[in-house]
Structures are given as structure tokens and as C-alpha cells.
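Novice: Sharing a structure with you now.
The values are calculated or read from the model by the stated rules, or taken from the named source; none is laboratory data. For clarity, every value in this text was computed on a predicted model and none was experimentally measured. So basically every Cβ, Gly included, is an ideal-geometry build from the backbone, and we count neighbours across all protein chains shown.
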């Protein structure tokens, strides 16, 4: 009788997990959680894993960590991967890198992509380029922008322009902004202004500040004042210093 009861219990658990998986695949995470949680609370490791994954899908990362972390610490590789993805979504790059790097090195594409983005966030551009370049070469536009950002961060303007210019010409605003900044760093203020001015006029504050700097460097003090003054009034020290110099030069005219 005990054996029959045990087998029946296992079958019941399996049926519950299968039903929960069906809800998960439909995007009905609340129903899946409702089914799985009692099993997870009873110590069922598979249920705990699936529950954690459901919370990741819902964007409830704190609850996901609660269920995934003990399993990950016990060596459950699937839990380790999902926990790494969870930390990535929480912008905890150090924890994400620690967990995702082994999977990336084993060829896991999701881990490789997120690992590269983590390295961008940390300013480790060489490591970021290593992991992101294959995706960029496959045509991933978002990764191409990040790769351009990496080369800009490394002051490798030639490669930055290589990756950003085609996207900018296609109308990608992020690429246009980064390419504009790249031209500023190269001292090509006319090219920078051409890219940044439309973005600035649309309200992009980064473009507005960069545009003000361009006009300042070109000694076009009236336009520099126009774009820098709001930042100076908000307490931006660099804008305040440039604005003072603009006003001094304007008075000398």
C-alpha cells in the first residue's frame, strides 16, 4: 500500500507540473504559480525550479531569486542559468557575470549576449567586444549599437564609425547620437551638429548638451548659449563654465 501511495503521489506531482507547464507556455504565469507553489513549499526541487522560472517570466526577480538561489548553490545548472538571467534583469552585473560566464564559455547564446552587455555596463569594452562581435556580425542591430558604443569608449573612432554610420543613415536615433558624440571626439563638429541637431530639437537632452558643446567649440557663442543655458540653470558645472566663456566672448564682439 505504501508503494502504491508513493507512486500515486509521484504521478500526481508530474500531472501538476505538466499542467503548470501548459499554463506557463500560454503566458498564464499566475495560474502556473498557483499550481506549483504548494509543491515547491513541500520541498520538490523541480517545482522550486519551475516556480523560480515563472517569477522570472513575470518580472518578479526578488521572488525568483528566493527560489532559484538555493538550487543554484546546490549545483543545479538550470537554476544557475536562470538566476544569472535574473541578476542581469536586475542590473546586478557582477552577480550576473559570475553565473553566466561558465555558460557563455560552453556556447550558450543567451548567456553570451547578456554577458557582453554586462561588460559594456561595467566599462570592460575589450571583454564586451569579444562576446558581442559575433552577434553584431550576424546582423543584430541592438548589438551593433552596443559594439559601436564599446569602440567609442575605447576611443577607436574608426571602428565606432564603421558600426554606427550604416545604422545612423537608416534613421536609428541611438546610432545617430553615438555617432554624433564620436564626431565630437574627433573634432569634426560640423558632422556632429548635422547628426545631433534633429535629435536635440526632438527633446533629446544628451544631444542638446552635446550640441551646445559643438557650438562652443566652433565659437558660435549665440547657438552655444541657446543650448547650454538650460543645463547651466539646472546646475551643470561644465555648462556653467562654457556659458560664462560664451558670454565673455559675446560681449567682446
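Novice: Find all pairs meeting these conditions: Cβ atoms under 7 angstrom apart; at least six residues apart or on different chains; first residue within the range 224-236 and on the phi > 0 side of the Ramachandran plot and at pLDDT below 95; second residue surrounded by 15 or more Cβ atoms within 10 Å (Cβ to Cβ) and not in a helix (DSSP H, G or I).
Specialist: none
Novice: Sticking with this one: Looking at (1) within 14 Å of the chain's Cα centre (by Cα); (2) buried (at least 17 other Cβ atoms within 10 Å of the Cβ); (3) under 23 Å from residue 92 (Cα atoms), which is the one condition that is false for residue 142?
Specialist: Here residue 142 meets the rest and fails (2).
Novice: Something else: Take the residues in the range 208-241 that are over 25 Å from residue 173 (Cβ atoms) and in contact with a helix residue (DSSP H, G or I) (Cβ under 8 Å, 6 or more places away or on another chain); name whichever of them is surrounded by the most Cβ atoms within 10 Å (Cβ to Cβ). Before the answer, list the steps.
Specialist: Pass one, the range 208-241, residues over 25 Å from residue 173 (Cβ atoms): 219, 221-222, 225, 232-233, 235, 237, 240-241.
If we keep only those that are in contact with a helix residue (DSSP H, G or I) (Cβ under 8 Å, 6 or more places away or on another chain) too, we end up with 219, 221-222, 225, 232, 240.
Working: 219: 9, 221: 22, 222: 10, 225: 18, 232: 19, 240: 15.
Taking the candidates together, the pick is 221.
Novice: Among the helices (runs of 4 or more DSSP H) lying completely within the range 42-123, list those that include at least 3 residues that are over 20 Å from the mean Cα position of the chain (by Cα) and farther than 20 Å from residue 142 by Cβ.
Specialist: 45-58, 61-73, 77-89
Novice: On to the next question. Keeping to the range 195-214, report how many residues are more than 24 Å from residue 250 (Cα to Cα) and part of a helix (DSSP H, G or I). Steps first, answer last, please.
Specialist: Of the residues in the range 195-214, the ones more than 24 Å from residue 250 (Cα to Cα) are 195, 198-199, 202-206.
Cutting the leftovers down to part of a helix (DSSP H, G or I) gives us 195, 198-199, 205-206.
Residues meeting the conditions: 5.
Novice: Shifting gears a bit: Output the residues belonging to the range 215-247 that are outside any helix (DSSP H, G or I) and under 32 Å from the mean Cα position of the chain (by Cα).
Specialist: Just the residues of the range 215-247 that are outside any helix (DSSP H, G or I), to begin with: 218-220, 234-236.
Those that are outside any helix (DSSP H, G or I) and under 32 Å from the mean Cα position of the chain (by Cα): 234, 235, 236.
Novice: Could I ask something else about it? Here is a check on your reading of the model: is residue 176 more than 16 Å from the chain's Cα centre (by Cα), buried (at least 21 other Cβ atoms within 10 Å of the Cβ), assigned to a helix (DSSP H, G or I) and at pLDDT 95 or above?
Specialist: On the way: more than 16 Å from the chain's Cα centre (by Cα): yes; buried (at least 21 other Cβ atoms within 10 Å of the Cβ): yes; assigned to a helix (DSSP H, G or I): yes; at pLDDT 95 or above: yes.
Yes; evaluated as a whole, the condition is true for this residue.
Novice: Read through the list (1) surrounded by 21 or more Cβ atoms within 10 Å (Cβ to Cβ); (2) modelled with pLDDT under 75, then give the number of the only condition that residue 10 fails.
Specialist: In the conditions (1) surrounded by 21 or more Cβ atoms within 10 Å (Cβ to Cβ); (2) modelled with pLDDT under 75, residue 10 misses (1) alone.
Novice: Select, from 99, 147, 115, the only residue that is in contact with a helix residue (DSSP H, G or I) (Cβ under 8 Å, 6 or more places away or on another chain) and in contact (Cβ under 8 Å) with a residue 24 or more places away in the chain.
Specialist: Numbers: 147 fails: in contact (Cβ under 8 Å) with a residue 24 or more places away in the chain; 115 fails: in contact (Cβ under 8 Å) with a residue 24 or more places away in the chain.
So the residue among 99, 147, 115 that is in contact with a helix residue (DSSP H, G or I) (Cβ under 8 Å, 6 or more places away or on another chain) and in contact (Cβ under 8 Å) with a residue 24 or more places away in the chain is 99.
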